[in-house]
1. D for the range 40-110, whole µm²/s, Stokes-Einstein with Kirkwood Rh over alpha-carbon pairs at 25 °C and 0.890 mPa s: what number?
2. For the chain, find the longest principal axis of its Cα atoms and tell me its angle to the long axis of helix 89-98, 0 to 90°, nearest 10.
3. Taking neighbour counts of Cβ atoms within 10 Å as a proxy for exposure, in what order, fewest first, do His46, His162 appear?
4. Given the options Leu156, Gly533, Val275, identify the residue whose Cα lies farthest towards the positive end of the charge dipole of the chain (+1 on Cβ of Lys, Arg; -1 on Cβ of Asp, Glu).
5. Please list 453-462, 59-68 highest first by mean number of surrounding beta-carbon atoms within 10 Å per residue.
6. Along the charge dipole of the chain, Cβ charges K/R +1 and D/E -1, which of Ser116, Thr462, Phe309 sits furthest on the positive end?
7. Order 546-552, 224-230 from most to least packed using the mean count of other Cβ atoms within 10 Å.
8. If you rank Leu301, Leu357, Leu168 by fewest surrounding Cβ atoms within 10 Å, what's the result?
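Derivation of every value follows stated rules applied to the coordinates shown; laboratory data play no part. This one's a predicted model, so the numbers in the text were calculated from it and none came from an experiment. Note that we place each Cβ from the backbone using ideal geometry, even for glycine, and neighbour counts take in every protein chain shown.
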Amino acid sequence: MRLFACGRIPLAKRGPMKRLDMLLNDRDRRLVLVVEDNDINREILHALLSKEFDVIEAKDGAEGIKQLEERYQDLAIILLDLYMPVCDGFEFMRRKRLDERYDSIPTFVVTASGESSDEIACLELGANDFVVKPYNPEIMMNRIHNMIKLRESAALVSQLSHDVVTGLYSKEYFGRIVEETFAADEGAAFDLICSDIVNFRVLNGRYGDRNCDLLLHDLASSLVEAIPGRIAAGRIGEGTFAFLIEHQERGWEGKLDSAVAKVPFANLNVRFGIVENVDHSMPVARLYSHATSAMETAKSLHGNVVVYFDDDLHQRQVMEQTIRESMEAALDELQFKVHFQPKCDEHTGKTGGAEALARWTHPELGIVSPALFIPIFERNGFITKLDLFVWEEACKEVVRCAELGLPVVPISANASRLDFDLPDLADQLAAIADKHGVDHSLLHVELTETAYSDNPEAVTQTMHRLRELGFAIELDDFGSGYSSLVSLNTLPLDIIKLDMSMVQQATALHDFRIVESAIKLAQTLGLKTVVEGVETAEEAAKVRIMGCDYIQGYYYSKPLVREDFERHLAAEQAERS
Ligand code: C2E
Ligand code: CA
Ligand code: CA
């Protein structure tokens with residue numbers, strides 16, 4: 001197996017990068033450092049070199065190191081004598097080696113010593129070439145030229161292959177190495193670890209480029225140190241790194257968590273997605289997307305999270321893909337049906353309204369739950385089309401009930417937070433209602449508090465317009481998230497729907513005080529209440545006593561297909577007369 005190093009240059013020490021076009025510009029005069037104690041030798045070298053180069057000089061190794069410190073960014077090559085007072089050539093090379101900034105500057109040893117032990121020692125200390133005096137000036141100049149060219153092309157390649165901020169491989173280069181590694185060793189097992197800084201853009205905006213570059217650099221160093229068996233490491237996105245490693249047992253959580261903790265940066269959270277035993281035939285881009293989708297599942301979790309891409313996730317991804325590919329056709333082919341869940345009016349004991357809920361019967365997947373497809377549609381924006389379709393079906397149902405001589409009750413439909421991106425949402429809904437000749441008072445819009453808090457201005461504006469047009473507004477899922485009581489007071493609302501988790505919790509704890517105070521609060525504000533998710537007679541009795549206006553739940557009725565909903569209304573009508 002080929003092992004690739006990932007060369008890293010500490011950011012703090014790095015000087016400004018030379019421009020690429022400058023690097024290989026042959027017309028530029030390069031700078032040469034001559035370290036030589038003998039005045040005559042130094043003068044000869046100076047005379048020879050200065051025809052083509054700028055030359056600076058040092059009389060011993062110590063002075064040489066000083067020159068190196070000052071001019072390393074400009075230096076093309078060092079010509080070094082071995083035997084000098086104060087600090088000899090060996091010592092010079094030892095010191096030069098300690099600082100990685102100087103790594104790329106070649107050293108050419110020019111010495112009177114023909115000892116092969118000296119030559120070996122020099123090469124071991126990192127000398128690039130070795131020439132014994134007296135030398136042939138022409139040969140010498142050629143060797144110097146070649147060495148400079150070689151080093152500059154290497155620098156050029158390195159700039160293309162390395163990310164300047166972290167010293168990790170660039171995305172393209174990393175991808176190439178992954179492919180080469182897979183091709184070179186078909187039987188070997190590899191894992192891919194991707195790391196992603198949570199909210200990197202936000203951090204960048206808040207702390208600025210320079211600090212975020214340091215963050216990236218430190219995080220890269222810390223992770224490189226913490227991840228054993230590494231074959232290559234690359235920066236594949238703004239705040240995203242990838243590590244190709246030999247396959248290892250799980251148990252990364254602790255290791256990666258402490259690597260992140262070492263980075264001195266407040267509020268730093270990093271997510272990790274790990275793809276194990278990578279399929280060698282898989283394109284690198286797919287690998288990244290697997291790792292990314294593993295990370296995505298941890299979006300709502302806090303702290304540093306490690307997620308493995310496994311079969312479950314793969315299944316879900318395939319499912320999501322299928323859903324995305326088939327949704328448009330599904331709407332055209334009427335695979336979506338709307339079910340109606342009656343709401344029981346607690347004052348009459350009869351149906352006082354209904355909620356329209358989307359159902360999808362997919363030709364291959366069968367019945368797909370809204371809990372599955374709604375979040376996908378909310379990610380890709382399709383939800384708005386579906387909501388308008390459901391709205392229209394709700395209108396049609398009101399018309400049918402009237403035509404069938406059934407009691408006509410208001411029907412509510414859900415509006416996703418994305419729907420409020422339509423500046424004319426209220427008017428579009430009104431146009432649909434008018435097309436079917438449905439009185440606006442027979443239609444309610446259900447919206448959640450999160451829809452409001454995502455986009456308070458647009459939502460408030462639309463709500464006022466909806467009210468103006470005569471639609472009633474129901475606040476859905478109240479009590480499920482971070483309810484802000486302020487919004488209750490300021491928003492144009494008609495009805496509050498208590499989230500089913502409130503009833504479930506009350507039942508589990510045998511304590512309905514919170515449900516009761518929510519109902520009382522709504523009453524104080526002059527709003528009606530729907531309690532959702534009522535499943536038992538006991539729950540129904542409890543909330544009825546507390547003064548709730550409607551209950552919606554399996555105890556009263558499940559969501560019904562259109563025909564069953566109409567039968568349900570007809571049965572009530574028969575009872576009544
Ligand atoms: P939701 O708006 O809170 O709708 C109520 C959900 O609770 C429905 O699930 C309903 O079937 C279920 N439910 C009703 N009574 C009970 C009960 O007694 N016990 C339990 N355990 N569940 C009950 P459904 O139809 O699966 O919908 C799930 C969510 O999907 C809805 O929650 C709503 O947020 C969303 N959704 C459904 N249809 C649409 C739609 O057309 N547009 C939009 N934007 N969202 C929709
Ligand atoms: Ca709802
Ligand atoms: Ca709800």
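1. The calculation lands on 197 µm²/s.
2. The angle comes out near 0 degrees.
3. On the way: His46 16, His162 21.
In order of increasing Cβ crowding within 10 Å: His46, His162.
4. Among Leu156, Gly533, Val275, the one farthest towards the positive end of the dipole of the chain is Leu156.
5. 59-68, 453-462
6. In the chain, that residue is Ser116.
7. Peptide ranking by packing, descending: 546-552, 224-230.
8. Numbers: Leu301 12, Leu357 17, Leu168 27.
By the 10 Å Cβ count, ascending, the order reads Leu301, Leu357, Leu168.
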